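The values are calculated or read from the model by the stated rules, or taken from the named source; none is laboratory data. What you see is a predicted model, and the numbers here were worked out from it, not measured in a lab. Note that we place each Cβ from the backbone using ideal geometry, even for glycine, and neighbour counts take in every protein chain shown. Note: accessible area is taken over every heavy atom of the protein model, side chains too, but ligands, DNA and RNA are not part of it. Shrake-Rupley method; radii C 1.70, N 1.55, O 1.52, S 1.80 Å.
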Amino acid sequence: MNEFRLPAPDFPAMLDERSRDIFRLIVESYLDLGEPVGSRALSKLLTTALSPASVRNVMSDLETLGLIYSPHISAGRMPTELGLRFFVDAFLEIGDLPQGEREAIEEKVKATGDLRPFDSLLTEASQLLSGLSRGAGLVLTAKTDMRLKHIEFIRLEPTKALAVLVGEKGDVENRVIDLPAGVTAAQIVEASNFLNAHVVGRTLGEARDRVQALKDEAATALDILSQGLVEKGLAVWSGAASGQPSRLIVRGRANLLENVTASDDLDRLRLLFDELETKSGIIELLDLAETGNGVRIFIGSENKLFSLSGSSLVVAPYSDGDQKVIGAVGVIGPTRLNYRRIVPMVDYTARLVSRLLAQVAAARRS
């Protein structure tokens, strides 16, 4: 399993065994309880005898390195974001997902995929991740390339038309396009008829390839203005913009609000939710998944999307039948996520979704 690693100081070379043990205990206590831990408690947890005063000296060194901090005067210590990153990279041992959880995820997701549209599978995956992690489950889906049933152009004004695409499953998408200068009502009908004669049953990408292959025929069958309308009608969907993600499924937002009482913390979480709803935020998430293999872990300010909310993101991409990344699944939660449990959970869910998508693609080809 591949994980995201940021360049960092060579902390292992700076820390002796005693310092590493104390640091590890501070982080593990924080991940379990969410609270700072003091020197007296640490001295009792250590396997080797060490006085609270000696523990405090080590804690002071760790604080100087920027790995831990004290949230309040006279309080114990908690890991910083840098400390959490060091812990994840150097100490976190990640095994396979327990067989019981693996079977539960597969059974529920596969049953959903068998009975309802594939979007339901993704929604279920998001809900499952939320329930298992006690964070917010996230699934990002790229724009689906529907198979076409009908295409029509409707003039809105002299220079604008509405291009309407109807998919075989009843999906309907509309786009406003610019009309070629001087195009007539008859030419609009002619362009619609030509497309419906040649692209029905094909995806948008296949339709563009088909029209390109029929270019000479199209030039003969259509006049220049109608031909321009055909090209505009297809390009508005299957051009560069169609590769952008179109839907973000987030389940379990309420989990992130549990035990949050400070108004500043609530405001930061609301800001995160607002950012996730924007197109730029969605594109940012897919970029995170596409630029790395396997699971990636982002802690707090390591990613600008989560820097203000202080949240962490564990995310992994999933692929279609052609091994092309088309989306991502993940978990959003506080920085004290149970990374040891959530990383394999996200990894397995992403691989399961990829496998089911490949099966769907193979069934269509056969």
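Values for this structure:
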| quantity | calculated |
| --- | --- |
| Members of region 198-212 that are under 13 Å from residue 149 (Cβ atoms) and not in a loop (DSSP other than H, G, I, E, B) | 203, 204, 207 |
| The listed residue being surrounded by 17 or more Cβ atoms within 10 Å (Cβ to Cβ) and modelled with pLDDT of 90 or more, out of 60, 19 | 19 |
| Hits in region 157-208 (condition: among the small types (Gly, Ala, Ser), in contact with a Ser or Thr (Cβ under 8 Å, 6 or more places away or on another chain) and open to solvent by 40 Å² or more (accessible area, probe 1.4 Å)) | 181 |
| Members of region 109-129 found to be under 21 Å from the mean Cα position of the chain (by Cα) and either surrounded by fewer than 16 Cβ atoms within 10 Å (Cβ to Cβ) or modelled with pLDDT of 85 or more (or both), listed by number | 117, 118, 119, 120, 129 |
| Those residues of region 70-91 which are surrounded by fewer than 16 Cβ atoms within 10 Å (Cβ to Cβ), over 16 Å from residue 18 (Cβ atoms) and either under 32 Å from the mean Cα position of the chain (by Cα) or among the β-branched types (Val, Ile, Thr) (or both), in sequence order | 71, 73 |
| Subset of region 60-71 (residues that are without any contact (Cβ under 8 Å) to a residue 12 or more places away in the chain and either among the small types (Gly, Ala, Ser) or assigned to a loop (DSSP other than H, G, I, E, B) (or both)) | 60 |
| Filtered residues of region 30-59 (kept if closer than 11 Å to residue 76 by Cα and part of a helix (DSSP H, G or I)) | 30, 39, 40, 41, 42, 56, 59 |
| For residue 95: the one exception among (1) modelled with pLDDT under 80; (2) assigned to a helix (DSSP H, G or I) | (2) |
| Subset of region 22-57 [surrounded by 14 or more Cβ atoms within 10 Å (Cβ to Cβ) and of a type in the set (Val, Ile, Thr)] | 22, 26, 27, 37, 55 |
